[in-house]
């Protein structure tokens, strides 16, 4: 009787010990592959001139330190070719997220919405494979003078197939927001 | 037996008892009563009475069986002559249980509410929280129609302990959209307890304890099998659950049970539209093996729970402007509705929970020792909508491993005292990958408790104390660095409870409890930091949080008339919680990210009071007709801010009429019932004068009607139980304040539920 109990408990204790031995043992390591920390806009004046860069930068990702944002300052009555780049600076080496967006161009779309007082007009967005706007490159034309804002939104079509259409507004229920940055703008 | 005699104790006690049908109150003659450990068998006389004479003091397991009933077991502590009343649920309550109402013995009368028998059967196929919400005072916190967690008197998540077959369930219960990882088909009985018995499981049960208890293992050689099936029309849910248990004649000490459930559902339909991606799929099974010989009783249990849940896409929010747009729509956009499919896509959850448990009980005279060892693994994966469609990995992946060891001893002293003492140790390790929400941590909890129960004539007094010491070490690798963010926390928590019951007469009983519970802050409250996509908020933990402490006083009263055609049971409670931890929106401090600005919510502490009442009355004007009225009311206030607490259940009234038909030749236990549930509008919400506290005003009051028709028919010599239930019979359009999807969608429309149960039994 007593032997029986001993044998039983021995089996049970061994079982828990075995389970204990099987468990993994690695420290806490988080890696969010979805982070975008930085948006860079590279302005090249059409017909020559100085190339300038304006950036929204949040190198530690959401939360933590407050992001920095430059004021987009452009010359009056000029046309610029604008190249947009997205980066993830939380990983080493820094990851270029733009290539990922371009690879799935038919499921993404940038919207550029300058405010009325900004005196900026955005056109010539590049297209995805189906001929619908993507917007990683664009052409900005400035007026004579203006102070305002521009809202740049990246929308993502999550459904499969994405069903992206040219007429989709920025707040289309078909897509949701990956990025929404509002830059202050000045035309000098 | 030999051991008992050798102790030279006085073996001259009588155990008398009376057995009744729980529903009809009919005296059950010819019921068989066993005391297996002594090899004693008796049958009840025509008055339903039995008597065992010349017993030694000790704890005995009574096994009671009756024609057309399940074999059931209950423990009885005997230290003087004693009478027990046993209510035996009849066959329509096949998942039955015995309630022993002691008249002169030691028996717990603390605060508890049970769901079993027919009421539990009626919830089969639904989730655990849905089943529990049938108990007065329990409501549900929901994320859509498929994710729900129980709320007891306004409290939920880590303020409630769930005890799954004796093991304290350790999952990721901190999230509002994290449902308990339990197969409801395991349960033969669901119980909500408060007060002294909480202390067996922890000092931190501020909201109460939920016990999920399987039926006892088979007590006779032979086998028993049961097949349950269900089909729900609304979301084409089908469920099949089976059970097989056996005790071999050649090896009567050994019993085993196999149990498994498969559940799958397509998208949910509201009265006006079908919600895409709201399906579910669940596969669960469990294996139990028992060994019982002489004073030794040992049980080994393993359970596997695996679920996949779709999350309504229209509620997956990129940023705050998306959220406002989705809410402003009033109705989800057509792109999120209309698909009728079982297919589940992102966003979705995948949750797996495994438990391995062994319990060994050694009975020695007036002493009972039990050793409980358990291991649990909880894996939770959340798949968000991602930019890259080739991405197959989860965005949040947490796994929690828990080991626990517990040793308890129960013993009897003198004439009226039973004691329970125990020590336990719990080790935990939590790992994560993907998006950060809670850190890696290791924790160790050491606890000890002591409970004493005293009973004499009309008095029943019990009290207990528990102390826990918890150590937590956290670790988080900060983004793009080799620096770890490490914290160490130490919390000491004390629990204590005193309960006194007094029976004025057999009909009128009063019971008062005062309970102190202390809960250590959970890691998410201390260290969460990130965007919560379901609510488009940026949640920030607070490492300076102190233990939360509650002093809960409650008074219960029950009265029934002598003919038992009328009964009333009422509870009044006041739960004062000091350092109540909650999330406070900071509307003027948005967190700016590249995806836009998110409202900031921070964890903070205030003093809160939750008080309320639950009243249940039962009226039986004629033998066949029962009218049950349940009323629950709660007032929850933040005392420091002099304001209401957010997300608290609104007042509710339930009316149920049920008619039981006379048994026919082949048809028995036939009944029809109709229920009307009224949920008031929650008007007591936080004031918005200090900024926005909620995205949308609380929804209006609503009334639902549910109806059931059930019967048991004898086919091929098997008593087959079938029922049909209509839930939300009139397809009412409504939203519930405690459902986070109320911002976006209506609740489920009419759902016709068909249930079938076939028991196979062969006992020697």
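Coordinate-derived values only; no laboratory data. None of the values given here were measured: they were computed from a predicted structure. Cβ placement follows ideal geometry from the backbone for every residue including glycine, while neighbour counts extend to all protein chains displayed.
At a glance:
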{"quantity": "Cα pair distances of the stretch B:600-678 binned at 10 Å [whole percent]", "calculated": "15, 29, 21, 16, 12, 6, 1"}
{"quantity": "Added length on full extension, which subtracts the Cα-Cα distance from 0.36 nm per residue, residue B:47 to residue B:490", "calculated": "153.5 nm"}
{"quantity": "For peptides B:267-274, B:125-132, sequence by mean Cβ density within 10 Å, most packed first", "calculated": "B:125-132, B:267-274"}
{"quantity": "For B:388-397, mean number of other protein chain Cβ atoms within 10 Å", "calculated": "3"}
{"quantity": "Average beta-carbon neighbours from other chains, 10 Å sphere, peptide B:586-593", "calculated": "3"}
{"quantity": "Rg over Rh, two decimals, the stretch B:332-491 (C-alpha only, Kirkwood Rh)", "calculated": "1.17"}
{"quantity": "Over the stretch A:52-142: Rg over Rh, Cα atoms, Kirkwood Rh", "calculated": "1.00"}
{"quantity": "Label-to-label distance, nm, for residues given as residue B:335 and residue B:258 (7 Å Cα→Cβ offset)", "calculated": "4.8 nm"}
{"quantity": "Geometric extent, Cα atoms of chain B - Rg, Dmax (angstrom)", "calculated": "26.1, 81"}
{"quantity": "Largest to smallest principal axis extent of the C-alpha atoms in the stretch B:445-584, angstrom", "calculated": "74, 36, 20"}
{"quantity": "Size descriptor, Kirkwood hydrodynamic radius, that averages inverse alpha-carbon separations across the stretch B:202-338, Å", "calculated": "19.1 Å"}
{"quantity": "Ordering of B:647-654, B:35-42, B:157-164 by burial proxy (mean other Cβ atoms within 10 Å per residue, highest first)", "calculated": "B:157-164, B:647-654, B:35-42"}
{"quantity": "The stretch B:212-272: radius of gyration over Cα atoms, expressed as a fraction of 2.2 N^0.38 Å", "calculated": "1.64"}
{"quantity": "Chain B: relative contact order as a whole-number percent, Cα under 8 Å and 6+ apart", "calculated": "10 percent"}
{"quantity": "Nearest-0.05 FRET efficiency for residue B:627 and residue B:81, computed from C-beta distance (R0 56 Å)", "calculated": "0.90"}
{"quantity": "For A:167-175, mean number of other protein chain Cβ atoms within 10 Å", "calculated": "3"}
{"quantity": "Unit Cα scatterers, Debye sum, the stretch A:115-156: log10 I(q)/I(0) for q = 0.35 Å⁻¹", "calculated": "-1.19"}
{"quantity": "The stretch B:626-764: proportion of alpha-carbon pairs further apart than 17 angstrom, %", "calculated": "71 percent"}
{"quantity": "Separation between Cα centres of the stretch B:133-154 and the stretch B:282-331, rounded to whole Å", "calculated": "14 Å"}
{"quantity": "Percent of Cα-Cα distances greater than 20 Å, calculated over the stretch B:526-672", "calculated": "67 percent"}
{"quantity": "Over the stretch B:507-570, relative contact order from alpha-carbon pairs under 8 Å, at least 6 apart, %", "calculated": "42 percent"}
{"quantity": "Cα-derived Rg over Rh, computed across the protein assembly as shown with Rh taken as Kirkwood radius", "calculated": "1.02"}
{"quantity": "Radius of gyration and maximum dimension Dmax of the stretch B:490-533, Cα, Å", "calculated": "19.8, 58"}
{"quantity": "Relative contact order (%) - criterion: Cα under 8 Å, at least six apart; region: the stretch B:525-616", "calculated": "31 percent"}
{"quantity": "Protection proxy ranking of B:355-363, B:664-672, B:518-526, B:72-80 - average other beta-carbon atoms within 10 Å, highest first", "calculated": "B:518-526, B:355-363, B:72-80, B:664-672"}
{"quantity": "Stokes-Einstein D for the stretch B:325-372, Kirkwood Rh over Cα pairs, 25 °C, 0.890 mPa s (µm²/s)", "calculated": "145 µm²/s"}
{"quantity": "Pairs of alpha carbons in the stretch A:83-188 whose separation is greater than 18 Å (percent)", "calculated": "52 percent"}
